[in-house]
Amino acid sequence: MRPLAALLFRDMRIAVRVGGGALMGVLFFLVVVTLVPFAVGPDLPLLKRIGPAILWLAALLASLLALDRLFASDHEDGSLDLILMGRAPLELVVAVKGIAHWLTTGLPLIIAAPLTGLFLNIDPAAEAALTLTLLVGTPALTFIGLIGAAIAVTLRRGGLLLAVIVLPLTVPVLIFGVAAANAAITGPVPFGTPFTILCALTLMSVVVGPFAAAAALRQEME
Amino acid sequence: MPLSDLANPSRFLTLANRAIPWLAGLTVILLGIGLYQSMLAPDDYQQGATVKIMFLHVPSAWLGMLGWGIMSLAALGTLVWRHPLADVAAKAAAPIGAAFTLLCLVTGSLWGRPEWGTYWVWDARLTSELILLLLYLAVIAVWRTVEDPSRAARAVAILTIVGAIDLPIIKFSVDWWNTLHQGSSVFRMSGSTIDRSILMPLFVMAIAFTFLFVTLQLAAMRNEILRRRVRTLRLMQASAVS
């Protein structure tokens, strides 16, 4: 357990230091949400209706931001080779890196979400439900993203390829995340139905993501 | 001849060279019969002549999914046995599968305009098929980004296996969700709900399209093997000069 905990703290420390991407993600999230009213006009009823979709889309894009550096920076400075040679199972290592990524990019978004909900005219009860869907759904985005990050690890311009690989795979999460948020705001579907499917998607990606990403890393790094 | 002989690229090439003309001929004949039968098939009492779009739409949809299925099997060959021919098969199948998926979407939306009154709706079947197209394009993007072919093959293999989740979603989307796209009507426990006069040309077209796919797949694999040989020769030439 100790090497894994050390890795978790190392990744989080790197993320919050200069050059890390931790606050960049949440800043990007805020900028995207701020841009939307300029694009669609400051129409409060409309913003209320599309608010959950905007927040989810912004969260999806923000979680992509730091992903391309997740393994690539370790690959560049050689620490990925050390990790691969280490005794800790690679699947667990990858999962820990995913958790560190979520804690530094996903969690700040969720903390910022109530504030952005205020901008988009979402009422407090709906905001709570929306934040809950983000809390449950963003880990899925990170763990699906791990696969793309691992595939693109050795590429010089992996960022764009990463988005192309990862975004189609995240569609189900987006669908059920927004569906659950909308169910809480407008109904008529009970909140629980899409929400439990969202939970299932997250659990599935937590299992599939680390295994696929670890397999990809092993293949890439030979 | 044992099946393992096929795994040798040179043997595969001679076999492919011998098989491709026959397969191509068979494809032309079957397509001829299928198209002729499709033309003779009666118009639907509700849809009129637009029902004939189905003769292209359904086989394309089936082949778009078959393409990913072949890529998934090839991905196993790449990851488990490290076989170069599996890499070649996966690379050849991607553009062909993408083309059939695109054809399926285009014919579907051309049919949707008169029948549903819209080219596109965001229902589960259409959306999952669109995602399949995007996944195909992502796979092609990986092939075109990673320079070393065997490394690209391994990256693609993982993406292919993960993306295979979309296949059952496409298949069962009409059962799981209440979609505008009609439910399964050809293969059902209670027998097909399509009349024989339309079902027969559909089957012939499906078989003809499958042969078309196999022909294109073998030809593309042959080209890819030759392309790799050219690449190797160039690399050898370049290292001999320097």
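All of the numbers you see were taken from the coordinates with simple rules; none came from a lab. Since we're looking at a predicted model, the values are computed, not measured. Methodologically, a virtual Cβ is constructed for each residue, glycine included, from the backbone with ideal geometry; neighbour enumeration extends over all protein chains shown.
May I ask you to sort B:I169, B:I158 by Cβ crowding, counting other Cβ atoms within 10 Å and putting the fewest first?
Working: B:I169 19, B:I158 28.
Ordered by Cβ neighbours within 10 Å, fewest first: B:I169, B:I158.
Between B:W176 and A:L135, take the C-beta separation as r, use R0 = 22 Å, and let me know the FRET efficiency to the nearest 0.05.
On the way: r = 26 Å, r/R0 = 1.18.
Calculated value: 0.25.
Ranked highest first by the average count of other Cβ atoms within 10 Å around their residues, in what order do A:152-159, B:196-203 fall? Show your work: numbers first, answer last.
Details: A:152-159: 18.5, B:196-203: 15.5.
Highest-to-lowest ranking by the protection proxy: A:152-159, B:196-203.
Ordered by residue, what ³J(HN,Hα) values in Hz, to whole numbers, does the stretch B:52-61 give under the Karplus form 6.51 cos²θ - 1.76 cosθ + 1.60, where θ = phi - 60° and Gly and Pro are x?
Working through the residues one at a time gives 5, 4, 4, 5, 8, 5, 5, x, 5, 4 Hz.
Can you compute the helix-only [θ] at 222 nm over the protein assembly as shown? Use -39500 (n - 2.57) per DSSP H run of at least 4 residues, normalise by all residues, nearest 500 deg cm²/dmol.
Values: 19 runs with 368 residues, N = 464.
Result for the protein assembly as shown: -27000 deg cm²/dmol, rounded to the nearest 500.
Full extension from B:L110 to B:E147: what is 0.36 nm times the residue separation minus their Cα-Cα distance, to one decimal in nm?
Working: separation 37, 0.36 × 37 = 13.32 nm, distance 3.83 nm.
Between B:L110 and B:E147, full extension yields 9.5 nm more.
State to the nearest 20 debye the size of the charge dipole of the stretch A:44-158 about its Cα centre, where the only charges are +1 on K and R beta carbons and -1 on D and E beta carbons. All intermediate terms of the calculation are to be shown ahead of the outcome.
On the way: 7 positive and 8 negative charges, 48 e Å.
My answer is approximately 240 debye.
For B:V80 paired with A:V16, estimate the spin-label separation in nm (one decimal), with each label point 7 Å from Cα along the Cα-to-Cβ line.
4.7 nm
How large is ³J(HN,Hα), in whole Hz, for each residue of the stretch B:65-81 in order, when computed from phi with the Karplus curve 6.51 cos²θ - 1.76 cosθ + 1.60 and θ = phi - 60°, using x for Gly and Pro?
Karplus values, whole Hz, x for Gly and Pro: 6, 4, x, 5, x, 4, 5, 5, 5, 4, 4, 4, x, 5, 7, 7, 9.
So what are the ³J(HN,Hα) numbers for the stretch B:18-32, from phi and the Karplus equation (6.51, -1.76, 1.60; θ = phi - 60°), rounded to whole Hz, Gly and Pro as x?
3J(HN,Hα) across the stretch B:18-32, in whole Hz: 6, 7, 4, x, 5, 4, 4, x, 4, 4, 4, 4, 5, 4, x.
Nearest 10 degrees, 0 to 90: what angle lies between the long axis of helix A:171-185 and the longest principal axis of chain A (Cα atoms)?
30 degrees
Report the Cα centroid-to-centroid distance between the stretch A:30-98 and the stretch B:70-98 in angstrom, as an integer.
Taking the Cα centre of each part, the stretch A:30-98 and the stretch B:70-98 sit 30 Å apart.
Please get the size of the charge dipole for the protein assembly as shown, origin at its Cα centre, with Cβ charges of +1 on Lys and Arg and -1 on Asp and Glu, quoted in debye to the nearest 20. List each step's numbers first, then the result.
Values: 31 positive and 25 negative charges, 232 e Å.
It comes to approximately 1120 debye.
Say the dipole of chain B comes from +1 at the beta carbon of Lys and Arg and -1 at that of Asp and Glu; which of B:W177, B:A164, B:T78 then lies farthest toward its positive end?
The one lying farthest along the dipole's positive direction is B:T78.
May I ask you to derive the relative contact order of chain B, considering only C-alpha pairs under 8 Å and at least 6 residues apart, and to give it as an integer percent? If you can, show how the numbers build up before the last one.
Numbers: 259 pairs, mean separation 75.8, N = 242.
About 31 percent, as a whole number.
What residues qualify as long-range amide H neighbours of B:D44, i.e. H under 5 Å apart, gap of 5 or more or another chain, H built at 1.01 Å from N?
B:V51
Sequence neighbours fewer than 8 away in the same chain don't count; with that in mind, list the aspartates and glutamates whose C-alpha is under 12 Å from B:K91.
Answer for B:K91, where 12 Å is the Cα cut-off: B:E224, listed by chain and number.
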